[in-house]
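Asker: My questions will all concern the structure given below.
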Amino acid sequence: MQLGLVALAMVFLSSMGHSDVLKLSKARRHRRVSTEGPPSCPKGCDRCSEYNGCIKCKPKLFIFLERNDIRQIGVCLASCPMGYFGMRNPEGNNRCTQCKIDNCEACFNRNFCTKCKEGLYSHSGRCYVSCPPGQRTVNETMECVECELGEWSQWGSCMKKNKTCGFRKGTQSRVRVPLPQVHSPDTSPAFVPSQTCAAETERRKCVVTKTPCVRDDTNRRERENARGRGQDSRGGGGGGKRRKGQSRTTTAPSITTSSVT
């Protein structure tokens, strides 16, 4: 009888111990789940882990991976930092992606820069040391725009090889020059305007009545006269050098004989 009571008591105590173990394991499991749920995640984070930080941000926020030694920890931001742009995902996990443009501080997408580093000029989503040819700075900023040119000039004379005579078909041209820029009196060394504007030239073919070049005829006559004077001076001098191919001849004296009777 006593042995039966002892056995019953042992069974009762073991069942109570098992229930305590179950309660303890449930409590531990509950704490582990709570660390992965929204209550323990940073502000703006929808899902996170202890090792990698935030894994998924709430809508309208961007997840940004911060480097911490050899780890990357996710954080949720309202806007991406310098050098990154926000890429929205239809599934709701928006991300900050790094710009792939050299010397860019802020970009609209992977290949279009909206703000270059200090001292560089921006044009068509790229960064330059100076404005490209045909570009100028606008409103004393670091942005390059197309040059503003004035009105076309009148068509010039019909010419060929920089001459206006001695031909029938030639070309004529007209130009327009860049408009002058108005700068503010501020001469701060922080801003140096980049001016690479050049005049624009337009050419077209033309046909004129051929006229002789008078100046050329005069020069030709002068050259011919000079050539003639040179020949006269060479031919008039006695005792000069023999012409090439001329042979030297000698004349023997004639002797007359008479007989006396």
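Asker: Tell me, which residue of the range 118-133 that is modelled with pLDDT of 85 or more, of a type outside the set (Gly, Ala, Ser) and surrounded by fewer than 16 Cβ atoms within 10 Å (Cβ to Cβ) is nearest to Leu179 (Cα to Cα)?
Answerer: Looking at the filtered set, the residue picked out is Val129.
Asker: If a residue has to be modelled with pLDDT under 60, under 15 Å from Glu146 (Cβ atoms) and in a loop (DSSP other than H, G, I, E, B) to count, how many in the range 177-200 make the cut?
Answerer: Adding up the residues that qualify gives 1.
Asker: Output the residues belonging to the range 89-119 that are farther than 21 Å from Arg67 by Cβ and without any contact (Cβ under 8 Å) to a residue 24 or more places away in the chain.
Answerer: Asn89, Pro90, Glu91, Phe108, Asn111, Phe112, Cys113, Thr114, Lys115, Lys117, Glu118, Gly119
Asker: I would also like to ask the following. Could you list all residues from the range 63-80 that are of a type in the set (A, V, I, L, M) and in a loop (DSSP other than H, G, I, E, B)?
Answerer: Once the filter is applied, which keeps residues that are of a type in the set (A, V, I, L, M) and in a loop (DSSP other than H, G, I, E, B), the range 63-80 yields Ile70, Ala78.
Asker: Picking from Arg215, Arg136, Arg203, Arg174, which residue would you name as being part of a strand (DSSP E or B) and modelled with pLDDT under 85?
Answerer: Every option except Arg136 fails the conditions.
Asker: Restricting the search to the range 48-61, which residues are out of contact with any Ser or Thr (no Cβ under 7 Å at 6 or more places or on another chain) and assigned to a strand (DSSP E or B)?
Answerer: Cys48, Ser49, Gly53, Cys54, Lys56, Cys57
Asker: Sticking with this one: Kindly provide the set of residues from the range 120-133 that are in contact (Cβ under 8 Å) with a residue 12 or more places away in the chain and in a loop (DSSP other than H, G, I, E, B), ordered by number.
Answerer: Leu120, Gly125, Ser130, Cys131, Pro132, Pro133, listed by residue number.
The values are calculated or read from the model by the stated rules, or taken from the named source; none is laboratory data. Every value quoted in this text rests on a predicted model; they were computed, and no experiment measured them. Reconstructed Cβ throughout: ideal geometry from the backbone, glycine too, with neighbour counts over all protein chains shown.
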